[in-house]
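Only the coordinates and a few stated rules stand behind these numbers; no lab work does. Just so it is clear, the model here is predicted, and its values are computed rather than measured. Glycine also receives a Cβ, built like all others from the backbone with ideal geometry; neighbour counts cover every protein chain displayed.
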Amino acid sequence: MAKGKYDLRVYPGFRAITLLCLVILYSPLIVVMAYSFNASPSITNWEGLSLRWYADVFTGPESAKFKAAARNSFVIALIAATVATAIATLSATAILRGGKFRLRTVSFGLISLPLMVPEIVTAVATLIFFNAIGFDRGLLTILLAHITFCIPFAYLPISARMQGIEATYEQAAMDLYATKRQAFTRVLLPLMAPGIVSGFILAFIVSLDDFIITNFVKGAGVETLPTAIFGAVKQGIKPNIMAISTMLLGVSVVMVTLSWLISRKDRKT
Amino acid sequence: MTSKTNDAIEVRNAVKRYGDFTALKRVSLTISDNEFFTLLGPSGCGKTTLLRMIAGFEDVTEGGIFLFGEEIEGLPPHKRPINTVFQNYALFPHMTVLDNVGFGLEMLGKSKSEARKRAGEVLEMVQLSQFSARKPSQLSGGQQQRVALARALAPRPKVLLLDEPLSALDLKLRKAMQIELKHLQKETGITFIFVTHDQEEALTMSDRVAVMSAGEVQQLGDARDIYERPRNMFVADFIGETNLLEVTVDRIEAGRAACHLGGGHRLTCDAVDGIGAGAKVHMSLRPERLFLSSAPTESESLKARVRENIFIGTDISTILDLDDGPEFRVRASNSSRGTSRVFEPGTEVFVNMEQGAARLLVD
């Protein structure tokens, strides 16, 4: 079938369109990555290869600001992804394994709806909410907001995985004298692990790179990496921003690769 | 009810309803200890529902289920000393074969080493010792099937439930497993309740068979009973091949019923309780109990014309047109004796009955 008449490659212009898409998608990233290694302080003139802007990120005049922002970002992403993954795992278990209960479809809708709501709306609403209950803005408000919007991202891969696990596995476990809890921990949870890891990684990346909501709910003086970068860019783009962006890209690539490797290993066994 | 009895399972007036749909209509049956019992029926007849009720995965709408005289309704599956071999095996993919088989014992609170020791013994019993370190996905379908069996047998259940466990295997392996299952049952002395839609499988393995249809037990008996003395149309038609003829009973005399077909042919067979003179009922004629001849061998031989002969390996099946009657099938074994009774298409022949070929059926 690979070379049959349904082979996409026979359509005229297939190769050209594919190339165009790839160029549009990746050329900005490649430009940023290339210029992060530029020796020049200019962002348009190439003066030779150098790591000076990477050094600048860690030791330059703005390094303290960036380090604090990076620490905030990673701590928030780690906690938010962990909590969101735990909540998503329990929700998926309840919605997919709780039998038929009223509001089951509604529950599923409610948990995935935030993905469809424009982020700016969520941001404004979250800000208004914190104001209304008199919650001081700071790291904690960022964390709470991140946990909330990470849940649907963690939920999707977890529930997708769980849907692929037949209920007979748990029935077999219970038939073999396992209690409901043991069937969950000994059978369902290990089978769900690849979905849980994917959910965690997705939530982590989404939290790490969130700007709009964070910008609304962060307190004065508290920055995450995206808001710190935005703040720096407002005073003009310097190549150190490109170095930071390249490193962030690296983190994302590593995590996505990790997630892929885990799911591949799972498929082999 | 706490008195100990010798009945492994008693299903008493069990009803199962899903909303408006009744999956099981007041079923009562008793399964003895150490019996190989089969629930046989087409899909949707309620056999799997009944099995799942015994396992504890479905509750009983009305009535009760008793295990050695003790009511088990209300007990969750993990508190019933009953294990199941699932149709799709449901082996835990993340555990080795040995851990799969030892799982039940571990859940019963046995130590890991004890569970493994017993698991090893059971794997030996199903000849899979050399695969104990593998994952289920590394085994063939037949091997997985045996692991599922070993896993369910390892905790020494009082009753073993088997939900169409052989349906995914190819014919040869299935036949081998039928014999092996039968031997395992005798060896372990555990009561087996086997669910299948394959009548040949049911007849081969079972001590007793309950034929089910539309949520009811149509007939319960040993293989010979069910095959040779089907009680009604459904059982006669479902088990094996048969000719169903509409007959009118003329009179009953000395345990024999004299009947006639629409075309006026006369036939006599054993009388059956509940069918009296004047009744219009169906008669079942097993094709392998009929034989053809060029001249009538008895007064009741039916005149017919050969339409077609079909070669099916062990047998030759002949399709006949009865004079003023329906289509008819006769089987002759593919042996020198059998083939001497096969005639060319178009030939006028006579259909003769062996003792017990005909059976009157309650509709």
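Using Cα centres only, tell me the gap between region B:318-341 and region B:35-56 in whole Å.
36
Could you tell me whether region B:115-162 comes out rounded, prolate or oblate from its Cα gyration tensor? Rule is a ≥ b ≥ c as square roots of the eigenvalues, rounded for a/c under 1.5, then prolate if a/b exceeds b/c, otherwise oblate. List each step's numbers first, then the result.
Details: a/c = 2.22, a/b = 1.32, b/c = 1.68.
It is oblate, given that a/c is not under 1.5 and a/b is not larger than b/c.
Give me a comma-separated list of calculated 3J(HN,Hα) values for region A:90-95, in order, Karplus coefficients 6.51, -1.76, 1.60 applied at θ = phi - 60°, integers in Hz, x for any Gly or Pro.
Calculated HN-Hα couplings, in order: 5, 5, 4, 4, 5, 6 Hz.
Normalised by the residues of chain A, what does the relative contact order come to in percent, with Cα pairs under 8 Å and at least six apart?
29
Just tell me how shielded B:88-94 is by partners: mean number of partner chain Cβ atoms within 10 Å of each residue's Cβ, no decimals.
For peptide B:88-94, the averaged partner shielding equals 6.
Which one, A:Gly138, A:Thr148, A:Val124, is farthest towards the positive end of the dipole of region A:97-176 when Lys and Arg carry +1 and Asp and Glu -1 on their Cβ?
A:Val124
Looking at this model, which pairs from A:Lys67/A:Lys238; A:Lys100/B:Lys25; B:Lys110/B:Lys172 are more than 27 angstrom apart at the alpha-carbon?
Checking Cα-Cα distances, B:Lys110/B:Lys172 exceed 27 Å.
As an exercise, find the ratio Rg/Rh for region A:130-269 from alpha-carbon atoms, using the Kirkwood inverse-distance average for Rh. Write out the running numbers ahead of the final one.
Numbers: Rg = 20.2 Å, Rh = 17.9 Å.
With Rg and the Kirkwood Rh in hand, the quotient comes to 1.13.
Give the residues of region A:58-75 whose amide nitrogen is closer than 18 Å to a point set 7 Å from the Cα of A:Ile43 in the direction of its Cβ.
A:58, A:61-63, A:66
Where is the GNM fluctuation largest for chain A (alpha-carbon springs, 10 angstrom cutoff): A:Ala178, A:Ala228, A:Ala92?
A:Ala178
Starting from the Cα of B:Lys280, draw a straight line to each of the lysines and keep only those under 23 Å, dropping any in the same chain fewer than 8 residues away.
List returned: B:Lys303.
Tell me what chain B gives for mean residue ellipticity at 222 nm when only DSSP H runs of n ≥ 4 count, each as -39,500 (n - 2.57), the sum divided by the residue total, rounded to 500 deg cm²/dmol.
-7000 deg cm²/dmol
Work out the mean other chain Cβ neighbour count within 10 Å for the residues of B:95-106 and drop it here as an integer.
Rounded to a whole number, the mean comes out at 2.
Taking only Cα atoms and a 10 Å spring cutoff, compute GNM fluctuations for chain A and point out the largest among A:Phe211, A:Phe129, A:Phe149.
With Cα springs under 10 Å in chain A, the top fluctuation among A:Phe211, A:Phe129, A:Phe149 is at A:Phe129.
Other chains' Cβ within 10 Å of B:351-362 residues: what's the mean?
0
In whole Å, largest first, what are the principal axis extents of the Cα atoms in region A:208-264?
Each principal axis gives a Cα extent; for region A:208-264 these are 43, 28, 14 Å.
Rg/Rh for the protein assembly as shown: what does it come to with C-alpha atoms and Rh from Kirkwood?
My calculation puts Rg/Rh at 1.17.
Output wanted: per-residue J couplings in Hz (rounded whole) for region B:170-180, from phi through Karplus 6.51 cos²θ - 1.76 cosθ + 1.60, θ = phi - 60°, x for Gly and Pro.
6, 3, 5, 5, 4, 5, 5, 5, 4, 5, 4
With everything on Cα atoms, drop me the angle between helix A:225-234 and the longest principal axis of chain A, reported from 0 to 90° to the nearest 10.
The helix A:225-234 is inclined about 30 degrees to chain A.
Rounded to whole Å and ordered largest first, report the semi-axes of the equivalent ellipsoid of region B:127-268 derived from its Cα gyration tensor (root of 5λ).
42, 16, 12
Hey, fewest Cβ within 10 Å first, where do B:Tyr227, B:Tyr89 land in order?
B:Tyr227, B:Tyr89
Would you kindly calculate the translational diffusion coefficient of region A:116-177, applying Stokes-Einstein with the Kirkwood radius from alpha carbon pairs, for 4 °C and a viscosity of 1.567 mPa s, and quote it in µm² s⁻¹ without decimals?
Taking Rh from Cα pairs, D becomes 88 µm²/s.
Pairs of alpha-carbon atoms within less than 8 angstrom and 6+ residues apart define the contacts here; what relative contact order does region B:263-345 have, in percent?
Across region B:263-345, relative contact order equals 28 percent.
Between B:Lys25 and B:Ile319, what is the FRET efficiency for a Förster distance of 45 Å, r being their Cβ-Cβ separation, to the nearest 0.05?
On the way: r = 37 Å, r/R0 = 0.83.
Here the calculated transfer efficiency is 0.75.
Once the mean 1/r over all distinct Cα pairs of region B:226-265 is inverted, what Kirkwood radius in angstroms do you read off? Before the final figure, lay out each step's value.
On the way: mean 1/r = 0.0855 Å⁻¹.
For region B:226-265, inverting the mean 1/r across all distinct Cα pairs yields 11.7 Å.
Any chance you could run the full-extension gain for A:Ala34 through A:Thr82? It's 0.36 nm times the residue separation minus the Cα-Cα distance, nm to one decimal.
Between A:Ala34 and A:Thr82, full extension yields an extra 13.9 nm.
Taking R0 as 22 Å, what FRET efficiency do you get between A:Leu51 and A:Tyr26 from their Cβ-Cβ distance, rounded to the nearest 0.05?
Step by step, r from the Cβ atoms, then E = 0.45.
With springs connecting C-alpha atoms under 10 Å apart, model chain A as a Gaussian network and identify which of A:Phe14, A:Phe108, A:Phe130 has the largest mean-square fluctuation.
A:Phe14
Which length gain, in nm to one decimal place, applies between A:Lys100 and A:Arg9 when the Cα-Cα distance is subtracted from 0.36 nm times their residue separation?
Length gained between A:Lys100 and A:Arg9: 28.2 nm.
Roughly what % of Cα-Cα distances in region B:198-266 sit above 18 Å, to the whole percent? All intermediate terms of the calculation are to be shown ahead of the outcome.
Numbers: 1156 of 2346 pairs.
Counting pairs separated by more than 18 Å, the tail of P(r) holds 49 percent.
What would the Debye equation give as log₁₀ I(q)/I(0) for region B:38-98 at q = 0.22, 0.30 Å⁻¹, counting only Cα atoms as equal point scatterers?
Normalising to I(0) and taking log10 leaves -1.00, -1.34.
For region B:51-130, what size does the Cα cloud have along each of its three principal axes, sorted from largest down, in whole Å?
Answer, in whole Å and largest first: 47, 26, 22 Å.
How tilted is helix B:112-125 with respect to the longest principal axis of chain B? Cα atoms for both, answer in degrees (0 to 90, nearest 10).
Helix B:112-125 and the main axis of chain B meet at about 30 degrees.
Please work out the ratio of the alpha-carbon Rg of region B:274-349 to 2.2 N^0.38 Å and round it to two decimals. Kindly include the intermediate steps, with their values, before the conclusion.
Values: Rg = 13.7 Å, N = 76, 2.2 N^0.38 = 11.4 Å.
My calculation over the Cα atoms of region B:274-349 gives 1.20.
Quick one: if the Förster radius is 25 Å, what FRET efficiency do B:Thr339 and B:Lys303 give, using the C-beta to C-beta distance and rounding to 0.05?
Approximately 0.70, to the nearest 0.05.
Which whole-number percent of Cα pairs in region A:191-233 have a distance greater than 12 Å?
Beyond 12 Å sits 64 percent of the P(r) for region A:191-233.
Rg to Rh ratio, chain B, alpha-carbon atoms and Kirkwood radius? Don't skip to the end; give the middle numbers.
Values: Rg = 24.6 Å, Rh = 23.0 Å.
Radius of gyration relative to Kirkwood radius: 1.07.
Stokes-Einstein at 10 °C, 1.306 mPa s, Kirkwood radius from Cα pairs: D for region B:218-363 in µm² s⁻¹?
Taking Rh from Cα pairs, D becomes 102 µm²/s.
Can you give the charge dipole size of region B:153-215 about its Cα centre, rounded to the nearest 20 debye, using +1 on the beta carbon of Lys and Arg and -1 on the beta carbon of Asp and Glu?
Here the size comes out at about 240 debye.
Counting each DSSP H run of 4 or more residues in chain A as -39500 (n - 2.57), what helix-only mean residue ellipticity at 222 nm follows after dividing by all residues, to the nearest 500 deg cm²/dmol?
-23500 deg cm²/dmol
Quote to one decimal, in nm, the extra length available between B:Ser140 and B:Ala277 on full extension: 0.36 nm per residue of separation minus the C-alpha distance between them.
Gain on stretching B:Ser140 to B:Ala277: 43.5 nm.
HN-Hα J couplings of region B:129-136 from phi, Karplus 6.51/-1.76/1.60, θ = phi - 60°, integer Hz, Gly and Pro as x?
Running phi through 6.51 cos²θ - 1.76 cosθ + 1.60 with θ = phi - 60° gives 3, 6, 9, 4, 8, 7, 8, x Hz.
Distance between the C-alpha centers of region A:159-238 and region B:269-315? Whole Å please.
71
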